[in-house]
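Q: Mind looking over this structure? Questions follow.
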Amino acid sequence: MVSKRIHELEYAIRDIAVVANEIQQKGKKIYHLNIGDPVIFDFKTPEYISKALSDATFAGQNYYVDSLGVPELRKEICSYEKSKNDIDINPRDIMITSGVTEGIFFLLAGLLENNNEILVPGPTYPLYINYSRFFDGNPIEYRLDETNNWEPDLEDLRNKITDKTTAILISSPNNPTGVLYDTKYVKEIIDLAGEYNIPIISDEIYDQIVFEKEYVCPVTLSEDVPIIGLNGFSKAHLATGWRLGYMYFYDPHDNLLELKNGIEKMARARLCANSIAQFAAIEAFRNPGPHTVDMVRKLKERRDYSFQRLKQIEGISIINADGAFYLFPKLNLEEFPKWNSDREFVVELLRETGICTVYGSGFGDFGEDHMRITFLPDIEILREVYDLFEDFLK
Ligand SMILES: Cc1ncc(COP(=O)(O)O)c(C=O)c1O
């Protein structure tokens, strides 16, 4: 016996790995392009950050810390947000979480019940859909328009606001499309939220991984619309396995006080986030290092290479990514009559070539007929992957 809520939980990014493991056990080489983890490729956690983690454990900082996070770390995050994004957040309005994942869990637990709705981009990072349902909420996808560079379709967004809408999610740079919403769209979403008195959730985990365009933090575009920001250490600081993130509340008129107090209760109930990772993160903020900029430079080359290769494949259309580390090509399945769905395509690609990607429908209804592929590996590996991919289609 298992509850309905667990029975129905799905997470395509890792579910596909189950098929990959099966095939790997038969001795086939697998290319793990399904998961956005830079650390399994040639992006390593900087030594000084690892050293700070080991120093923390040897210094005996292995105890439960404040449920909201180590105070010095919360202060460092405020300074960082001020210097990078020019926003003023009070340490009291920051909460350290076990990855952005826990932040999403807390927020949706606090906002949703009885089929309340949350507006999420479509396609979207699947956790927003899955956790919304887990809490008896209803994730409603607003369309990202593939014919307009995956920018949000504001008409669609407006039409989907109801009296059950509890929040609008902005996830930019977006997973899986890679779009960095143009500032004018972000501003319009915030204005729309203001008009209907709805808070914004802003998932900013890829804010430092942008290529040509400049990232603009949504808070700088809001006068009094409350925004809950989510960010973390997994991607920019190459520490995916440490499970460390944070949530901040920009809430000039205290509209979200009840929600914030509720989430703080949840944080206390789970004791605290990883203590030694928090002490190491203080060091990462005080001494920023070149690792993020180096990663973005390498990623840009890898994105360009992957984009060029995919663009040349017949039956595939593709929009380039502004940020993050994914491409989300469209599979024109009428040109590939052998496969009835993106899922069938992706599973057979995996079985035949060992290339593990994620089927687009795992990212919600608007993801159908697509696949997500990461460009994290180095060019040599990417060359092998795209050669195999082309052979497979031939
Ligand atoms: C948009 C988005 N949000 C959140 C996460 C989870 O991040 P964390 O490792 O901080 O839990 C991911 C991971 O891929 C992501 O793509």
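The values are calculated or read from the model by the stated rules, or taken from the named source; none is laboratory data. Given the structure is predicted, the values throughout are model-derived calculations rather than measurements. We place every Cβ from the backbone using ideal geometry, glycine too, and count neighbours over all the protein chains shown. All accessible areas refer to the heavy atoms of the entire protein, side chains included, with ligands and DNA or RNA removed. Shrake-Rupley method; radii C 1.70, N 1.55, O 1.52, S 1.80 Å.
Q: Residue 104 passes all but one of (1) of a type in the set (Val, Ile, Thr); (2) under 20 Å from the mean Cα position of the chain (by Cα); (3) over 27 Å from residue 238 (Cα atoms); (4) surrounded by fewer than 24 Cβ atoms within 10 Å (Cβ to Cβ); which number fails?
A: (3)
Q: Here's a follow-up. Collect the residues in the range 151-162 that are within 23 Å of residue 327 (Cβ to Cβ) and either in contact with a Cys (Cβ under 9 Å, 6 or more places away or on another chain) or surrounded by fewer than 24 Cβ atoms within 10 Å (Cβ to Cβ) (or both), keeping them in residue-number order. It would help to see each step written out before you state the result.
A: Initial filter on the range 151-162 (within 23 Å of residue 327 (Cβ to Cβ)): 151-153.
The answer is 151, 153.
Q: Another question, then. Report, by residue number, each residue of the range 113-136 that is over 15 Å from the mean Cα position of the chain (by Cα) and either open to solvent by 10 Å² or more (accessible area, probe 1.4 Å) or free of Cβ contacts under 8 Å to residues at least 12 places away in the same chain (or both). Don't jump to the end; show me each part of the working.
A: So the first thing to find is which residues in the range 113-136 are over 15 Å from the mean Cα position of the chain (by Cα), and the list is 113-119, 132-136.
Once the filter is applied, which keeps residues that are over 15 Å from the mean Cα position of the chain (by Cα) and either open to solvent by 10 Å² or more (accessible area, probe 1.4 Å) or free of Cβ contacts under 8 Å to residues at least 12 places away in the same chain (or both), the range 113-136 yields 113, 114, 115, 116, 117, 133, 134, 135, 136.
Q: Also, quick follow-up: Select, from 177, 147, 165, 183, the only residue that is buried (at least 23 other Cβ atoms within 10 Å of the Cβ) and of a type in the set (Val, Ile, Thr).
A: On the way: 147 fails: buried (at least 23 other Cβ atoms within 10 Å of the Cβ); 165 fails: buried (at least 23 other Cβ atoms within 10 Å of the Cβ); 183 fails: buried (at least 23 other Cβ atoms within 10 Å of the Cβ).
Criteria check complete, one pass: 177.
Q: How many residues are of a type outside the set (A, V, I, L, M) and either in a strand (DSSP E or B) or closer than 23 Å to residue 124 by Cα (or both) when one looks only at the range 348-362? Write out each step before concluding.
A: First, pick out the residues of the range 348-362 that are of a type outside the set (A, V, I, L, M): 348, 351-354, 356-357, 359-362.
When the remaining residues are screened for being either in a strand (DSSP E or B) or closer than 23 Å to residue 124 by Cα (or both), the result is 356-357, 359-362.
Going through the range 348-362 one residue at a time, the tally reaches 6.
Q: For the range 17-35, check the following and say yes or no: at least one residue is within 16 Å of the ligand (Cβ to nearest atom), open to solvent by 40 Å² or more (accessible area, probe 1.4 Å) and not in a helix (DSSP H, G or I).
A: The first filter runs over the range 17-35 and keeps only residues within 16 Å of the ligand (Cβ to nearest atom), leaving 17, 32-35.
Next, from what is left, pick out any that are open to solvent by 40 Å² or more (accessible area, probe 1.4 Å): 32.
Right, trim to not in a helix (DSSP H, G or I) and you get 32.
Yes; the residues of the range 17-35 include at least one that is within 16 Å of the ligand (Cβ to nearest atom), open to solvent by 40 Å² or more (accessible area, probe 1.4 Å) and not in a helix (DSSP H, G or I).
Q: Next up: Can you report the number of residues in the range 217-234 which are closer than 14 Å to residue 247 by Cβ, more than 14 Å from the ligand (Cβ to nearest atom) and of a type in the set (A, V, I, L, M, F, W, C)?
A: 2
Q: Condition test on residue 28, is it assigned by TED's automatic domain parsing to the domain that holds residue 358 and of a type outside the set (Phe, Trp, Tyr)? Steps first, please.
A: Working: assigned by TED's automatic domain parsing to the domain that holds residue 358: yes; of a type outside the set (Phe, Trp, Tyr): yes.
For residue 28, the condition - assigned by TED's automatic domain parsing to the domain that holds residue 358 and of a type outside the set (Phe, Trp, Tyr) - is met.
Q: Please state which one of 344, 335, 301 is of a type in the set (Asp, Glu), more than 25 Å from the chain's Cα centre (by Cα) and not assigned by TED's automatic domain parsing to the domain that holds residue 235. Show your work before the answer.
A: Working: 344 fails: more than 25 Å from the chain's Cα centre (by Cα); 301 fails: more than 25 Å from the chain's Cα centre (by Cα).
Exactly one residue qualifies, and that residue is 335.
Q: To continue, here is another question. What number goes with the only condition from (1) more than 30 Å from residue 154 (Cβ to Cβ); (2) modelled with pLDDT of 95 or more; (3) among the small types (Gly, Ala, Ser); (4) buried (at least 19 other Cβ atoms within 10 Å of the Cβ) that residue 284 does not pass?
A: (2)
Q: So which residues in the range 366-394 are among the hydroxyl-bearing types (Ser, Thr, Tyr) and in a strand (DSSP E or B)?
A: Narrowing the range 366-394 to residues among the hydroxyl-bearing types (Ser, Thr, Tyr): 374, 386.
Within the range 366-394, just 374 meets the criteria.
Q: List the helices (runs of 4 or more DSSP H) that sit entirely inside the range 51-160 and contain at least 2 residues that are more than 16 Å from the ligand (Cβ to nearest atom). Walk me through how you get there before you give the answer.
A: Values: elements: 71-85, 99-111, 126-134, 154-159.
The helices (runs of 4 or more DSSP H) meeting that bar are 71-85, 99-111, 154-159.
Q: Give the residues of the range 171-211 that are in contact with a strand residue (DSSP E or B) (Cβ under 6 Å, 6 or more places away or on another chain) and either outside the structural domain of residue 145 (by TED's automatic domain parsing) or among the small types (Gly, Ala, Ser) (or both), sorted by residue number.
A: Scanning the range 171-211 gives 171, 178, 193, 202.
Q: A follow-up question, please. Out of (1) touching a helix residue (DSSP H, G or I) at 6+ places or on another chain (Cβ under 9 Å); (2) part of a helix (DSSP H, G or I); (3) open to solvent by 60 Å² or more (accessible area, probe 1.4 Å), what's the single condition that is false for residue 338?
A: If we test residue 338 against (1) touching a helix residue (DSSP H, G or I) at 6+ places or on another chain (Cβ under 9 Å); (2) part of a helix (DSSP H, G or I); (3) open to solvent by 60 Å² or more (accessible area, probe 1.4 Å), just (2) comes out false.
Q: Specify which of the listed residues (13, 49, 6, 94) is farther than 30 Å from residue 286 by Cα and touching a Gly at 6+ places or on another chain (Cβ under 8 Å). Reasoning before the result, please.
A: Working: 49 fails: farther than 30 Å from residue 286 by Cα; 6 fails: touching a Gly at 6+ places or on another chain (Cβ under 8 Å); 94 fails: farther than 30 Å from residue 286 by Cα.
Going through 13, 49, 6, 94 in turn, just one is farther than 30 Å from residue 286 by Cα and touching a Gly at 6+ places or on another chain (Cβ under 8 Å): 13.
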